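**Q** Can you read through this structure? Questions will come right after.
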Amino acid sequence: MITKYSIVQIVGDGTMGGAPRHVFILSQALKKRGHIVTVICPPGAMVSRLREAKIKVEVIAMGSPLDRKADHKIRAVLHRVKPDIVHCHGLRGGWLGRLAARKLKSMAVVYTEHLWTKDYHLTNRVWEEFQLRGLKLMDRYTDVTIAISGSVKAFLIERHITPRGKLVVIPNMLNPDFIGSKRYLKPSGLPKIIGSIGSLNIQKGYLVLLEALANLREKKLPHDWRCQIIGTGPLERIIRRHIKKFKLSSLVSIKPSADDIVETMRHFYCYVQNSRAETAARAVVEAMALGVPVIVTNRGALPEIVHHKQNGMVVSYGNPEQLADALSKILFDDNLARRLGEAGRREVLRRFAARSIIDRIEKVYAKAISNRRFKRNIKKR
């Protein structure tokens, strides 16, 4: 018989991207299992989605990781709710949530690391070092840490942030909306759509992608193609300038995040994730779930999911010629695209289905409670 827990999920981002989307999907699945779930997050799109799903939400604005006002408000909520588990996510949620919970000894604390791998770096290296030291400091208030990929786990161990015995690898759960849908095969004669989704930042490698597309334009393909980049971010102006520089304005478009991302991705002929650092590869997993063939770089968690020429294609990061060659092979060969797409769908449905991941997370919660009780008994002696 599964124990039913009272769980507070804490995330410092109120959007519906990345870690917040994972928290939303996880909270829905936990509620369906009979657990009592409360989410603490800042104002944003996530709040209305949680309320629509009838998941209790406490809205708290969170500034920096040292936001004392947010710290006090989170602690007040935890003191009132008295959960069995406090599950924190990301920089602000992980820092503020664990600080708030540190004096409430009855609550077991779980932290999920969504971001850091050896390939991920901030532009400001001083701020990067501050964050990493903060992660190590907050680990003392944590009973179990979840790494969302093997590359995240390796980084946390290598940097001595979390001891091996406290770490467990559990990938982010696949959004159930992607399981019931499949790729839409457009009629012959229409352009084949190359898709790429993500924040328009330096980590996603969009400038290299544009160089590859300029290279692809010179290859003689028996059909037309277009590229849709879905997202917003700090590099948008630079990316648009490079689209003009490479004379790709008629072939490449940038669109903001779509409300119905499933329907958008279903129309992709293939999907590209040209990241220099990737911890979760959520969009890649979602594309594979739809049967869309994927091309990814050999960075972070991507080669843990995509195996070259088996369920997708893997290219070296920063090599536009290699990326263009992989794109031309998939665009030219419908049978190859179909085979890779079908193999990718089978792989992610096996590895990222909700049932198996929730089972593992429930075991983590039980372990965290056990660890907390052990620590309390040791201190009493």
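The values are calculated or read from the model by the stated rules, or taken from the named source; none is laboratory data. Here the structure is a predicted model, which is why all the values come from computation and not from measurement. So basically every Cβ, Gly included, is an ideal-geometry build from the backbone, and we count neighbours across all protein chains shown.
**Q** Taking segment 162-184, which residues are among the polar types (S, T, N, Q) and surrounded by fewer than 17 Cβ atoms within 10 Å (Cβ to Cβ)?
**A** Correct list: Ser181 only.
**Q** To continue, here is another question. Say we look at segment 134-191 and pick out the residues that are over 17 Å from the mean Cα position of the chain (by Cα) and hydroxyl-bearing (Ser, Thr, Tyr); which of these is farthest from Arg339 (Cα to Cα)?
**A** Tyr141
**Q** Among residues belonging to segment 185-200 that are at pLDDT 85 or above and surrounded by fewer than 15 Cβ atoms within 10 Å (Cβ to Cβ), point out the one that is nearest to Ile243 (Cα to Cα).
**A** Pro191
**Q** Right, here's the next one. Among the residues of segment 299-326, what is the count of those that are within 17 Å of the chain's Cα centre (by Cα) and without any contact (Cβ under 8 Å) to a residue 60 or more places away in the chain?
**A** Residues meeting the conditions: 4.
**Q** Looking at Gly195, Gly189, Gly165, can you tell me which residue is in a loop (DSSP other than H, G, I, E, B) and either out of contact with any helix residue (DSSP H, G or I) (no Cβ under 8 Å at 6 or more places or on another chain) or of a type outside the set (A, V, I, L, M, F, W, C) (or both)?
**A** The conditions single out Gly189.
**Q** Still on this structure: Evaluate segment 123-143: report whether one residue or more is in a loop (DSSP other than H, G, I, E, B), crowded, with 22+ Cβ neighbours inside 10 Å and in contact with a Phe, Trp or Tyr (Cβ under 6 Å, 6 or more places away or on another chain).
**A** yes
**Q** Of the residues in segment 299-322, how many are in a helix (DSSP H, G or I) and of a type in the set (Phe, Trp, Tyr)?
**A** Number of matching residues: 0.
**Q** Output the residues belonging to segment 211-247 that are closer than 24 Å to Val284 by Cα and in a loop (DSSP other than H, G, I, E, B).
**A** Asp224, Gly231, Thr232, Gly233, Pro234, Leu235 - these are the residues of segment 211-247 that are closer than 24 Å to Val284 by Cα and in a loop (DSSP other than H, G, I, E, B).
**Q** Moving on. Residues to consider are Ala277, Ala324, Ala281; find the one that is in contact with a Leu (Cβ under 7 Å, 6 or more places away or on another chain), of a type outside the set (D, E, K, R) and more than 28 Å from Gly189 (Cα to Cα).
**A** None of the other options fit; the residue is Ala281.
**Q** Further, regarding this structure: Report, ordered by the first and then the second residue, all pairs with beta carbons closer than 6 Å, sequence separation of six or more or different chains, a first member in segment 189-214 that is over 22 Å from Asp334 (Cβ atoms), and a second member that is crowded, with 22+ Cβ neighbours inside 10 Å and of a type in the set (Lys, Arg).
**A** From residues that are over 22 Å from Asp334 (Cβ atoms), the pairs are Gly198/Lys204.
**Q** Select the strands (runs of 3 or more DSSP E) contained entirely in segment 21-98, then report the ones holding at least 2 residues which are crowded, with 20+ Cβ neighbours inside 10 Å.
**A** Passing ranges, in order: 36-41, 85-89.
**Q** Exactly one condition in (1) in the same structural domain as Val86 (by TED's automatic domain parsing); (2) assigned to a helix (DSSP H, G or I) is false for Gln203; which is it?
**A** (1)
**Q** Please verify whether segment 334-344 includes one or more residues that are farther than 18 Å from Ile197 by Cβ, part of a loop (DSSP other than H, G, I, E, B), basic (Lys, Arg) and out of contact with any strand residue (DSSP E or B) (no Cβ under 8 Å at 6 or more places or on another chain).
**A** Scanning segment 334-344 turns up no residue that is farther than 18 Å from Ile197 by Cβ, part of a loop (DSSP other than H, G, I, E, B), basic (Lys, Arg) and out of contact with any strand residue (DSSP E or B) (no Cβ under 8 Å at 6 or more places or on another chain).
**Q** Let me ask you something else. Can we say Glu236 is under 19 Å from Ile202 (Cβ atoms) and of a type in the set (Asp, Glu)?
**A** It is true that Glu236 is under 19 Å from Ile202 (Cβ atoms) and of a type in the set (Asp, Glu).
**Q** Looking only at segment 237-258, which residues are of a type in the set (Ser, Thr, Tyr) and under 25 Å from Met16 (Cα atoms)?
**A** Listed by number, the residues that qualify are Ser253, Ser257.
**Q** From Phe178, Phe130, grab the single residue that is aromatic (Phe, Trp, Tyr), without any contact (Cβ under 8 Å) to a residue 12 or more places away in the chain and within 27 Å of Asn201 (Cα to Cα).
**A** Result of the check over Phe178, Phe130: Phe130.
**Q** Okay, next question. What are the residues in segment 284-305 that are surrounded by 24 or more Cβ atoms within 10 Å (Cβ to Cβ) and touching a strand residue (DSSP E or B) at 6+ places or on another chain (Cβ under 7 Å), if any?
**A** Val284, Ala287, Met288, Val292, Pro293, Val294, Ile295, Val296, Thr297, Leu302
**Q** I've got another one for you. Say we look at segment 53-99 and pick out the residues that are among the small types (Gly, Ala, Ser) and farther than 21 Å from Ala366 by Cα; which of these is nearest to the chain's Cα centre (by Cα)?
**A** So the residue we want is Gly90.
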